[in-house]
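**Q** Below is one structure. I have some questions about it.
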Amino acid sequence: MTDERAPAKGDLVGPATTSATARLKALALKSGATVVGVADAAAFDTHAPSKHRPADLLPGARTVVVVGGAQPRAGDWVATSPWLLSTMGTTERIQGVGRRIAQAIESELGYYALFVPPGTAAGDAPFLSLMLAAELAGLGTRSLAGPILNRDHGFMYWSAVVTTAPFDVDGPTTDAACPAPACRDMWEREHTTPCLRVCPLDAGGCLAGRLDDGHAVRTAYDAARCNTRVHTHWVGGFQKVLEETLNEPDRERRKMLVYGDFMTRTLWSITYSSTNIAQCFECMRACPAAHGLKEMR
Amino acid sequence: MATDGVVDAVKRVGLAAGARVVGVAAAAAFRAGVPEGFRPEDILPGARSVVVAGGDGPTAGAWRCPDHRVMEITGYDLRENVAIHAMCDYIERELGYYAVQAPSLPVHGHEPPMSMMHAAELAGLGTRSFAAHIILNPEYGLLYYAALITTLPLPADPPLAEPACPHPGCAAMYKRIGTTPCLRVCPACLSGTMKNARIETSTYDREKCHSRAQTYGIGSFQKALLAVVDEDDPARRRDMIHSDFFAKSVQSLGFFRDSIAQCFECMRVCPVGRKHRKLK
């Protein structure tokens, strides 16, 4: 990492940087993160568009601390009711860890820290891609299905903090979790993978891709379709059912729409947005790399 | 009356749970300035004390961000509420006195059952400012406040002898050019006068301030929904329903703690607590 400014008293330099990085990571893990890594802020420049890079959010940004965790538990994945995962998200917990890290960097180390807002400024574009941040911090790699998968823990939720602190940087990992060995075998046999089979683009699904020399190559992804399935009951669902209700001339049918399960579940999902974050997990449910390595009894 | 050791223990629980500051007011102190029905004993019979916790707002990094939209949805811990619950649990379980979180969300118009601003003042945590009367802590400036009401009699902290606002720099500026940073940055909402380096008069246009501070929230949802319902043309109605304004208004309902306010300009220029916003 290059820093042209001469160090001032109290600045992190040399061994102090390593020590501070270790303390910060320990705090993140103690606060509830499953994994933590640090990306070089400058590394985003070649991947992220202008206005969506760390220095666009925080002038002088040097590093991005990324925490991952709060993923569905092993029991959630094997539960037989589809309603369990579709009404029980857990992302809010990892965002709390991100906020805590930001406050600790400022109050304990004296460097600026900006918790990357999990929402969007407009449309679907995030302020800073948390997926890219996780990749650059060496915490995971992109999967054929889309989500970043951690080699040890699989599918996770992410939170990031942009900071002027010059923490020791973790480089991106080359050890990809996707494709899993079982998926390579399946590709050899059937020319598909669990995620591609469960949600094929050419049969009303969202995903298309292949394995080239054992590497996952995504060839197409229908983001709009995926969004309507992942967020069936959220802001978009509310907008849809509201429009349908207002367009309905029949009073009785309008009443049915307002009190119907769709409208009711949509309102629940909006008010409990932190615990009802997504309704479709099928590509991740089928993915052998998404559930981590630990065998459960 | 509980000993100083007990009040210190209660405060330690609050600080350990994430509060930046904790103070205590006597429940009886609310009688002088609060109408009947809105006092601690109207909420918890036999109330003796009110413990107030102040929590951090945006980080210094968030204040520094040149993209104003980040501050609009920056996300808060709202740890003051957690700290209040931790202290309530401690008082009930360890000390055996009733303790409830003081209700602070409006029940009629903008009116809460109990004022957190007044509670913070009486607990010695801050004083009202020129900037929309926001309570400023002399050390940290803008904080977010929550309170608990308890039957535990605790020694109270006195209200601050010296007001946090005006800051000496603002008093000097007023003397020079007859205004302060906050009054200058938002003459639409704020007005006031100073005498002998003290606030003499201070008023603000609450309706105007509210519509700016909460561009996206319950009010904007109600406004947008009414416009949608009143629109007869289905194509225009569709545009309105799927617009950014409507979508962000609905999002702000769900992600309230990530979208508390959209205007921070009077606080952005306020020097009180700024030392904590100047980092490396």
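The values are calculated or read from the model by the stated rules, or taken from the named source; none is laboratory data. Treat the numbers as computed from the prediction; the structure is a model and nothing was measured. Neighbour counts are summed over all protein chains in view; Cβ atoms, including those assigned to glycine, are modelled from backbone coordinates with ideal geometry.
**Q** Contact list please: Cβ distance under 6 Å, first residue in segment B:43-64 and closer than 21 Å to B:Asp4 by Cα and more than 9 Å from chain A (Cβ to nearest Cβ), second residue charged (D, E, K, R) and surrounded by fewer than 21 Cβ atoms within 10 Å (Cβ to Cβ), pairs at least six apart or on different chains.
**A** Pairs that qualify, where the first residue is closer than 21 Å to B:Asp4 by Cα and more than 9 Å from chain A (Cβ to nearest Cβ) and the partner is charged (D, E, K, R) and surrounded by fewer than 21 Cβ atoms within 10 Å (Cβ to Cβ), are B:Ala47/B:Glu41.
**Q** Could you check, for segment B:223-240, whether at least one of its residues is touching an Asp or Glu at 6+ places or on another chain (Cβ under 9 Å), within 14 Å of chain A (Cβ to nearest Cβ), farther than 28 Å from B:Val100 by Cα and β-branched (Val, Ile, Thr)?
**A** yes
**Q** Here's a follow-up. Looking at B:Ala25, B:Ala16, which is the one that is surrounded by fewer than 21 Cβ atoms within 10 Å (Cβ to Cβ), touching a helix residue (DSSP H, G or I) at 6+ places or on another chain (Cβ under 8 Å) and closer than 26 Å to B:Pro138 by Cβ?
**A** Of B:Ala25, B:Ala16, the one residue that is surrounded by fewer than 21 Cβ atoms within 10 Å (Cβ to Cβ), touching a helix residue (DSSP H, G or I) at 6+ places or on another chain (Cβ under 8 Å) and closer than 26 Å to B:Pro138 by Cβ is B:Ala16.
**Q** Kindly indicate the residue of segment A:239-297 that is of a type in the set (S, T, N, Q), surrounded by fewer than 17 Cβ atoms within 10 Å (Cβ to Cβ) and under 30 Å from A:Leu149 (Cα atoms) and also nearest to the other protein chains (Cβ to nearest Cβ) among those meeting that condition.
**A** Ranking the candidates gives A:Thr271 first.
**Q** Residue by residue through segment A:105-131, note down the ones that are touching a residue at least 40 places away in the same chain (Cβ under 8 Å) and in contact with a strand residue (DSSP E or B) (Cβ under 8 Å, 6 or more places away or on another chain).
**A** Scanning segment A:105-131 gives A:Ile105, A:Tyr111, A:Tyr112, A:Ala113, A:Leu114, A:Phe115, A:Val116, A:Pro118, A:Pro126, A:Phe127, A:Leu128, A:Leu130.
**Q** So which of A:Ser81, A:Ser86 is buried (at least 18 other Cβ atoms within 10 Å of the Cβ) and farther than 24 Å from A:Gly37 by Cβ?
**A** The unique qualifying residue is A:Ser86.
**Q** Please find, among A:Glu252, A:Glu295, the residue that is more than 30 Å from B:Asp258 (Cα to Cα) and assigned to a helix (DSSP H, G or I).
**A** Criteria check complete, one pass: A:Glu252.
**Q** Please go through segment B:115-162 and pick out each residue that is assigned to a helix (DSSP H, G or I) and crowded, with 20+ Cβ neighbours inside 10 Å.
**A** Of everything in segment B:115-162, those that are assigned to a helix (DSSP H, G or I) and crowded, with 20+ Cβ neighbours inside 10 Å turn out to be B:Met116, B:His118, B:Ala119, B:Ala120, B:Glu121, B:Leu122.
**Q** What strands (runs of 3 or more DSSP E) lie completely within segment A:100-198 and have 2 or more residues being of a type in the set (A, V, I, L, M) and more than 10 Å from chain B (Cβ to nearest Cβ)?
**A** Filter on segment A:100-198 gives A:148-150.
**Q** Limited to segment A:167-185, what total is found for residues that are farther than 19 Å from A:Leu293 by Cα and either among the charged types (D, E, K, R) or surrounded by fewer than 24 Cβ atoms within 10 Å (Cβ to Cβ) (or both)?
**A** 5
**Q** When residues of segment B:238-272 are filtered for being of a type in the set (Gly, Ala, Ser), within 25 Å of the chain's Cα centre (by Cα) and part of a helix (DSSP H, G or I), how many remain?
**A** So the answer is 3.
**Q** Moving on. Out of A:Thr34, A:Thr2, A:Thr63, A:Thr91, which single residue is surrounded by fewer than 23 Cβ atoms within 10 Å (Cβ to Cβ) and modelled with pLDDT of 85 or more? Step through it out loud before you land on a result.
**A** Working: A:Thr2 fails: modelled with pLDDT of 85 or more; A:Thr63 fails: surrounded by fewer than 23 Cβ atoms within 10 Å (Cβ to Cβ); A:Thr91 fails: modelled with pLDDT of 85 or more.
Result of the check over A:Thr34, A:Thr2, A:Thr63, A:Thr91: A:Thr34.
**Q** Still on this model: Please go through (1) of a type outside the set (Gly, Ala, Ser); (2) crowded, with 20+ Cβ neighbours inside 10 Å; (3) in the same structural domain as B:Ala25 (by TED's automatic domain parsing) for B:Cys165 and return the number of the only condition it doesn't satisfy.
**A** (3)
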